[in-house]
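K.L.:
I'd like to ask some things about the structure below.
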Amino acid sequence: MAESATHHFLTSLLITVAITITTLTSVHTTATNTEFVKSSCTVTTYPRLCVTSLSTHASLIQTSPKLMAHAALNITLASAKATSVMMVRLSSSSRLKPREVSAMRDCVEELGDTLDELRKSIGEMGQLSSSSYEVYMSDIQTWVSAALTDENTCTDGFEGDDMNGKVKVFVRERILVIAHLTSNALALINHFASIHG
């Protein structure tokens, strides 16, 4: 009976130790992944936005610069999609002046181009291989740069005193967030390219 109790105690102790080690390893890994995101974001122009947008994905990113850049592209795409949908709804508002509706529709078109460029970039990130790495990476950098230009062109349409101040501020704020996310994604892509090449 004493031998059975000792065996049971040792088995329980081993299970407890294994669970503790697994938990500590998981906590350490999570901390390492989060620290990787924070340190990687230092290469961006908007590091605070970078950390806040990517830290919730730290467990997926792990410590991979490629996964970091890929996640940044996906977050930017999601933000651009949401803004585009919101602007389509807003452009059909009867309270907007014709000039505002026109600028809004132009902006939605520019965002459509941004979405296409981001989707192509995400697709190419998944296709990166050593044999065609430089070609794909060049395409990705070009498309993300073009997306940034599209976003800036969108805000240009809201220049002028004849634009509603609230609409102008609202649109610019949304586009600015997308532009900053895109800028960060491009910086992370460039960083990945520099350490890979």
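The values are calculated or read from the model by the stated rules, or taken from the named source; none is laboratory data. None of the values given here were measured: they were computed from a predicted structure. Cβ sites come from the backbone with ideal geometry, for glycine too, and all protein chains shown count toward neighbours. Calculation scope for accessible area: heavy atoms of the full protein, side chains included, ligands and nucleic acids excluded. Shrake-Rupley method; radii C 1.70, N 1.55, O 1.52, S 1.80 Å.
K.L.:
Scan segment 118-128 and give yes if some residue there is in contact with a helix residue (DSSP H, G or I) (Cβ under 9 Å, 6 or more places away or on another chain), under 24 Å from residue 52 (Cα atoms) and either open to solvent by 60 Å² or more (accessible area, probe 1.4 Å) or of a type in the set (Asp, Glu) (or both), otherwise no.
P.N.:
Yes, segment 118-128 contains a residue that is in contact with a helix residue (DSSP H, G or I) (Cβ under 9 Å, 6 or more places away or on another chain), under 24 Å from residue 52 (Cα atoms) and either open to solvent by 60 Å² or more (accessible area, probe 1.4 Å) or of a type in the set (Asp, Glu) (or both).
K.L.:
Given the criteria out of contact with any helix residue (DSSP H, G or I) (no Cβ under 7 Å at 6 or more places or on another chain) and surrounded by fewer than 22 Cβ atoms within 10 Å (Cβ to Cβ), does residue 149 qualify? Walk me through how you get there before you give the answer.
P.N.:
Values: out of contact with any helix residue (DSSP H, G or I) (no Cβ under 7 Å at 6 or more places or on another chain): yes; surrounded by fewer than 22 Cβ atoms within 10 Å (Cβ to Cβ): yes.
The answer is yes for residue 149.
Quick grid of which residues meet (1) in contact with a Phe, Trp or Tyr (Cβ under 7 Å, 6 or more places away or on another chain); (2) among the β-branched types (Val, Ile, Thr); (3) surrounded by 15 or more Cβ atoms within 10 Å (Cβ to Cβ):
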| residue | (1), (2), (3) |
| --- | --- |
| 54 | no, no, yes |
| 66 | yes, no, yes |
| 72 | no, no, yes |
| 79 | no, no, yes |
| 98 | no, no, no |
| 108 | no, yes, yes |
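K.L.:
Closer than 17 Å to residue 191 by Cβ, touching a His at 6+ places or on another chain (Cβ under 9 Å) and modelled with pLDDT of 95 or more: is that true of residue 49 in this structure?
P.N.:
yes
K.L.:
Name every residue in segment 156-180 that is open to solvent by 50 Å² or more (accessible area, probe 1.4 Å) and not in a loop (DSSP other than H, G, I, E, B), in order of residue number.
P.N.:
Across segment 156-180, the qualifying residues are 156, 166, 169, 170, 172, 173, 174, 176, 177.
K.L.:
Give just the number: which of (1) assigned to a helix (DSSP H, G or I); (2) at pLDDT 90 or above does residue 23 not satisfy?
P.N.:
(2)
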